[in-house]
1. To test your reading of the geometry: what angle, between 0 and 90 degrees and rounded to tens, separates the Cα axis of helix 366-377 from the longest principal axis of the chain?
2. Find how much the distance from residue 382 to residue 344 grows on full extension, using 0.36 nm per residue of separation minus their present alpha carbon separation; answer in nm with one decimal.
3. What is the range 404-443 by shape, rounded, prolate or oblate, if you read a ≥ b ≥ c off the alpha carbon gyration tensor as root eigenvalues and call it rounded for a/c under 1.5, prolate for a/b larger than b/c, and oblate otherwise?
4. Between 0 and 90 degrees, rounded to the nearest ten: what's the tilt of helix 332-342 against the longest Cα principal axis of the chain?
5. Based on the Cα atoms of the chain, what semi-axes does the equivalent ellipsoid have, where each is the square root of 5 times one gyration tensor eigenvalue, given in whole Å with the largest first?
6. Considering the zone a paramagnetic label at residue 320 would reach in this model (a point 7 Å from Cα along the Cα-to-Cβ line), which residues of the range 367-384 have amide N under 15 Å from it?
7. At 1.4 Å probe size, with no ligands or nucleic acids counted, give the accessible surface of residue 158 in Å², nearest ten.
8. Quote to one decimal, in nm, the extra length available between residue 134 and residue 70 on full extension: 0.36 nm per residue of separation minus the C-alpha distance between them.
Amino acid sequence: MSTASPTSTHEAKHKCGVFGIWGSTRSAWDCYTALYAQQHRGQESAGIAVSDGNGLHAHVGMGLVREVFSERLLDQLEGHAAIGHNRYSTTGSSLTNNAQPILREYIGGQVAVGHNGNLINADVLRHEYEKRGQIFTTSCDTEVIIHLLAAHHLSYSDPLVESLQHLQGAYSIVFLFNDRIEAVRDPWGWRPLCLGITEEGNHCVASETVALDAIGARFLREVEPGEIVTLNNRGVSSRRFADAQQPAHCIFEHVYFANPSSRLFGDTAQIVREQMGERLADEAPVEADCVIPMPDSGRSAALGYARRSGIPFREGIVPNRYVGRTFIQPTQSERDAAVQLKLNPVAEVIKDNRIIVVEDSIVRGTTTLSKMNHLRRAGASEIHLRISCPPIRHPCFFGIDFQDPQQLIAAGRSVKEIESYLGVDTLHYLSLEGMLNCVSNPAEHYCTACFSGQYRLNIDQPVTKLGLERHQLRMFG
Ligand code: SF4
């Protein structure tokens, strides 16, 4: 079953989004607005936890932010501090008990945790605790962090710093305690996390700057890799828990995931995507009548392609914004029908024209095939497909849901073979070098593993999406 956003026909599923704010009299409402702005990062579940100084309270539920929260619920979540989470499951099923923030009581008091990323050693850590008799109630990797906190509480002056030493992989995490919020970013900086301040002087943290914009907050800076930023009644303070490693910022955030208006890893996603389109026009020119974006994810790159090539930019495919969120599509013909429902071609733009279609990426290829079938039926005389990133040939273990290489169309296939499968006249992908030329940090500061196969960390025992569930079944089944 597709669980994409209301009009999404994209095959890559988002990870998660986190947010936290301290000192606001409407902290739950601020959280709600920020989660709404970050809805693109996860549509399966949403949750908010608040602190009123005496205790923590949380509400989580399945669905979009607007489906999970009502005005009455938000008014009930009273508190001067809050954290929130949008979830797309990259570890553990899409179930209510895997929704975040996870709220627990342990020897140190209460804590709520929201996590974006994937821990590659969660299985090993969890097994260690299970052997000692600890019980887990979720099948997501985040829960192990709370066990680490509890285990280190009495023995260390800074249990959080000690706990974080044990984590391997990608994590941008917000912790809510009764007296503070702690925002943490892994030493490689895989996922974005930024710090802002509202007009009232309340500090906040968010996965993306688009969330700060939504609540009228000003961007202050990114949380550094290996840094813990604390928000409390005294303002903001910072400490390190690890030396920063050579950064491994996820380049796919710029290709597709982040909101185009968001600034992350020092660049604004929209500008990067337009440059990717320009570069693609240089690398793969072709004579055609118009450049058409694949809505909505190909739009920024298509603008760049059209600008550089001088070929007119036309909106040739209009998304139907009212198609429901889920659409069961197990077969190719049903996928074709779903695409037909969600994407409406403009006949005058497509019929008898040579079109360049710009899309940000191809994951499994089945949805792209439906889109190309759809354009062919609409009468395009030639279809030239341009992809603004290189072929995705390798799995991601750092928070994106393409963990199985067998599901990747480009794994083990040449571009010519994919071109023939999709039935297009020509197919070209942006080169790895071309993609990395569009961002401002040095190339070695980005993770490109899904394109290049070069992983920054050794992946000995990768945690698959449902890996911790099988583990749980072994223990209790
Ligand atoms: S493997 Fe790809 S999607 Fe995963 S973190 Fe690296 S660049 Fe991002």
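1. 30
2. 11.9 nm
3. Numbers: a/c = 3.78, a/b = 1.71, b/c = 2.21.
Oblate, since a/c reaches 1.5 and b/c is not below a/b.
4. 80
5. For the chain, the ellipsoid semi-axes come out as 39, 23, 21 Å.
6. 371, 374-375
7. 50
8. Taking residue 134 through residue 70 to full extension adds about 19.5 nm, to one decimal.
The values are calculated or read from the model by the stated rules, or taken from the named source; none is laboratory data. The structure displayed is predicted, hence computed values, not measured ones. Cβ coordinates were reconstructed from backbone atoms using ideal geometry, including for glycine residues, and neighbour counts include every protein chain displayed. To get the accessible areas, we keep the full protein, side chains included, count just its heavy atoms, and leave off ligands, DNA and RNA. Shrake-Rupley method; radii C 1.70, N 1.55, O 1.52, S 1.80 Å.
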